[in-house]
Amino acid sequence: MKEKRLKIAIQRSGRLSEPSSELLKKCDINFQDGLGKLRSLAENFPLEIFSLRDNDIPQYVEDGVADIGIVGENIIAESGCNIEMVAKLGFGRCRLSLAVPKAFPYSATKDLDGLRIATTYPAILKNYLNGRSVKADIHNISGSVEIAPSIGLADAVCDLVGSGSTLFSNGLVEVETVMTSEAVLISNRTLEPGLQKILDKLLFRISAVRAAQQNKYILLNAPNEKLDEISQLLPGIKSPTIMPLAESGWSSLHSVINENDFWNIVEKLRDAGAEGILVLSIDQMISGRDSIGV
Ligand code: PRT
């Protein structure tokens, strides 16, 4: 019988392409002839990959052409497709914001009443404005939204913002966040059990990769009389591993620390007498209890 394969759609060329294929590689999934073709089969996991335009991905997943996909929350919200979000992926972070020319005396959303707003996200914007009883003239344009006010096409824009430098260099000021977004894994709502099983295996690997990205492995040497104090500083998964060194009176400690606390903890460790501190990145981290969700 032909082996079942889960079909995943990722962006063919754009901001999410590289991080999406990187994530699959970190899950130890290899593709015949690499990625970049429209269709590719994984060699060591029952996965088939489609490289598509990201705007098309929610519809393909809803229709079952692809079983799962990686796409930004902004695209999902705009599509209105009936799909399931199964995991946040931690990349492609941005926000969809309203922005106005610098000279605009903006104080609240109602200041946009009756004005023209250019965007590539008309459905999200309409919904947002309706919720605030603001009636504006929404101009749906397909790109270069940020130049719309300077060429007289609109009074304001609603566009994706990363660093904010595009808005700044076009003389625009961000005034409201309509939504925040990151890349998520989406799934068709009615996956058959065999495909759901493959998705569960993929999610297990993604969860291990994501946990590893958020943590670092730390090794250090400490004088025995400082072990208690230094151990207290290392939260780890459970308690730190402690092993005696060849030099008497000294021990080696191994633990895992979260990247958010990283510098804070390392400084405290050094002040408490730790020496030879080594920090390593982790490929995968499997705790057995962690799960990723949306
Ligand atoms: O051709 P295709 O339809 O596949 O791709 P696309 O042109 O629609 O999308 P692409 O590759 O530009 O972005 C893919 C996804 O990346 C988006 O749908 C978002 O989920 C996410 N993302 C994250 C961003 C940004 N950050 C981002 N900064 N998408 C677009 N931008 C653009 C923004 O539109 C603006 O033009 O970057 C500019 C602003 O950047 P800053 O850093 O100057 O603020």
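Only the coordinates and a few stated rules stand behind these numbers; no lab work does. Only a predicted model underlies this, so the values are computations on that prediction, with no experimental measurement involved. Note that each Cβ is placed from the backbone with ideal geometry, even for glycine, and that neighbours are counted across all protein chains shown.
Need the list of aspartates and glutamates near K216 for cross-linking: C-alpha distance under 16 angstrom, and skip anything on the same chain fewer than eight residues off.
K216 reaches E259, D261, E267, D283.
Can you compute the modelled spin-label distance between K226 and M243, with each label point 7 Å from Cα toward Cβ, in nm?
2.1 nm
Please enumerate, by chain and number, the lysines with C-alpha under 28 Å from the C-alpha of K110, excluding those fewer than 8 residues away in the same chain.
Once the sequence-local lysines are set aside, what remains near K110 is K102, K126, K135.
Compute the normalised compactness of the range 164-294: alpha-carbon radius of gyration over 2.2 N^0.38 Å, N being the residue count.
Working: Rg = 21.5 Å, N = 131, 2.2 N^0.38 = 14.0 Å.
In units of the globular-protein estimate, the range 164-294 measures up at 1.53.
Based on the Cβ-Cβ distance from S144 to L115, what FRET efficiency comes out when R0 is 25 Å, to the nearest 0.05? Spell out each step's value before the answer.
Details: r = 19 Å, r/R0 = 0.77.
Efficiency, rounded to the nearest 0.05: 0.80.
Of the options T119, G152, V65, report the single residue whose Cα projects farthest towards the positive end of the charge dipole of the chain (beta-carbon charges: Lys, Arg +1; Asp, Glu -1).
So the residue we want is V65.
Among all the lysines, which ones have a C-alpha under 29 Å from K2's C-alpha, if same-chain residues fewer than 8 places away are not counted?
Candidates past the 8-residue exclusion: K25, K26, K37, K197, K201.
Roughly how tilted is helix 122-131, in degrees to the nearest 10 and between 0 and 90, from the longest Cα axis of the chain?
So the inclination is approximately 90 degrees.
Take the Cα radius of gyration of the range 94-181 and divide it by 2.2 N^0.38 Å, with N its residue count; two decimals is plenty. Don't jump to the answer; show the numbers that get you there.
Details: Rg = 11.4 Å, N = 88, 2.2 N^0.38 = 12.1 Å.
My calculation over the Cα atoms of the range 94-181 gives 0.95.
What FRET efficiency do you get for N82 and K2 if R0 is 41 Å and r is their Cβ-Cβ distance, rounded to the nearest 0.05?
Values: r = 29 Å, r/R0 = 0.70.
The pair N82/K2 has a calculated efficiency of 0.90.
Once fully extended, how much extra length lies between K268 and K126, figured as 0.36 nm per residue of separation less the alpha-carbon to alpha-carbon distance?
Numbers: separation 142, 0.36 × 142 = 51.12 nm, distance 5.05 nm.
Gain on extension, K268 to K126, equals 46.1 nm.
Around N188, what is the net charge, scoring Lys/Arg as +1 and Asp/Glu as -1 over all other residues with Cβ under 13 Å from its Cβ? Can you show the working numbers first?
Working: positive: K7, R189; negative: E62, D63, D67, E84, E192.
Net local charge, N188 excluded: -3.
So how far apart, in nm, are the two label points at Y217 and L280 if each is 7 Å from Cα heading toward Cβ?
0.3 nm
Once the other residues with Cβ under 11 Å from the Cβ of H139 are scored (Lys, Arg +1; Asp, Glu -1), what is the net sum?
Numbers: positive: R116; negative: D137, D155.
Here the charged neighbours net out to -1.
Just the Cα atoms of the range 206-255: what Rg and Dmax do they give in Å?
Rg then Dmax for the range 206-255, in Å: 12.9, 42.
Across 5 Å bins from 0, what is the distribution of all Cα-Cα pair distances for the chain, in whole percents?
For the chain, the pair-distance distribution reads 1, 5, 10, 12, 12, 10, 10, 10, 10, 8, 6, 3, 2, 1, 0, 0.
Could you give me the ³J(HN,Hα) list for the range 74-87, computed from phi with Karplus coefficients 6.51, -1.76, 1.60 and θ = phi - 60°, whole Hz, x at Gly and Pro?
Couplings: 4, 5, 5, 4, 5, 6, x, 6, 8, 10, 10, 8, 9, 7 Hz.
What's the FRET efficiency of S107 with R189 using the Cβ-Cβ distance as r and R₀ = 30 Å, to the nearest 0.05?
Working: r = 42 Å, r/R0 = 1.41.
Result of the calculation: an efficiency of 0.10.
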